[in-house]
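Report on one structure; see the data block that follows.
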Amino acid sequence: MQPILNFPDPPGSPLNGELIQLRLLSSADTHDLKQAAEDCSIFKWFIDGWIILKHGMEAYVYKLLEEQAQEISLPFVVWHLQERRAIGVTRLYNIEKRHLSCEVASWYAKDFHRTRVNTEAKFLLLRYIFTTLRLSRVSFEIDERNVPSIQGMLRIGAIEEGKRRNHMVLADGDFRTSILFSILAEEWPQTKIKLSDLLNTKYS
C-alpha cells in the first residue's frame, strides 16, 4: 500500500473508544475546556501552557482552529462519554504532508491523569495516524522533568531519540529541555499490542 500524499478530510464522526471519543475541536468546547483547566498546574510543562495561562482558553482554542484551517494542526477534544463533557485536548501539529509526519501533544483535566483516558486517547489517535492518514512517523516532545509521561512513552515502545536543550521558554520564564520520542509506521503493530494490553489488563 502506497502512502497518501494528501490527507483525507478531517473525520466527520468521532473516533470512538469505550470511555472517550475524540471529536474535532470547535469554539463551542471552550466552556468545557475552561472547567477542565481549572487546576493550572497541569500546564507547568505543556508546550502551549503559556497561551492558556497568559491569554486564556479562548486564545488557545482560536490558535488551534486557525492552525487547523491552515492544515498544519488537527485538534481533537477528549470527550468523556459518561460525564458528557470535554476533559482535555489531543492534537496533531507540525503536520508535514510532504514527509508524512506529525507531532502529538495532549493535556487532560487533573482528575483524569494516570487513568484509562490517556491510554485510550493515545490508542485512538495513533490508530488514526497510521491506518487512516497512513503517516510514516509520529513524534512526541516531553519535558525532561515530566517523569510519568516519559515512562508512559517507554512503556508503549516509543523510541527515545535525544534531547532538545533549552529550546522553549515556558509560562513561568523557565527554559524547557525536551526529550524527543518517535513511533514509526512499521512499529505501530507492536505499539498497538502494548496499548491494547494496557487497556485490557491494567484498566479492565
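Pairs of Cα atoms nearer than 8 Å and 6+ residues apart set the relative contact order; for the chain it is 20 percent. The three principal axes of the C-alpha atoms in the stretch 54-149 carry coordinate ranges of 38, 31, 28 Å, sorted with the longest axis first. Per residue, the accessible area of the chain comes to 52 Å², computed with a 1.4 Å probe over protein heavy atoms only.
Ellipticity at 222 nm from helices only: DSSP H runs of n ≥ 4 in the chain, each -39500 (n - 2.57), divided by the residue count, give -8000 deg cm²/dmol. Only lysine pairs 8 or more places apart, or on different chains, with alpha-carbon atoms under 20 angstrom apart are counted in the chain, and they number 17. For the chain, the fraction of 1.4 Å probe accessible surface lying on carbon and sulfur atoms is 49 percent. Based on alpha carbons, the Rg and Dmax found for the chain are 16.1, 47 Å. Per-residue extension of 0.36 nm, minus the Cα-Cα distance of residue 202 and residue 111, leaves a gain of 31.0 nm for this segment. Per-residue accessible area (protein heavy atoms, 1.4 Å probe) orders 107, 50, 79 as 50, 79, 107, starting from the largest. Antiparallel beta bridges, as assigned by DSSP with both residues in the stretch 62-204, represent about 90 percent of the total such bridges.
Each principal axis of the Cα cloud of the stretch 121-204 was evaluated for its coordinate range; sorted largest first, these ranges are 40, 29, 20 Å.
Solvent-free Debye calculation, one equal scatterer per alpha-carbon of the stretch 1-118: log10 I(q)/I(0) at 0.10, 0.15, 0.17 Å⁻¹ equals -0.30, -0.68, -0.86.
The values are calculated or read from the model by the stated rules, or taken from the named source; none is laboratory data. As the structure is a computational prediction, the values presented were derived from the model and not from experiment. Each accessible area value is taken on the protein alone, full model and side chains, heavy atoms only, with ligands, DNA and RNA left out. Shrake-Rupley method; radii C 1.70, N 1.55, O 1.52, S 1.80 Å.
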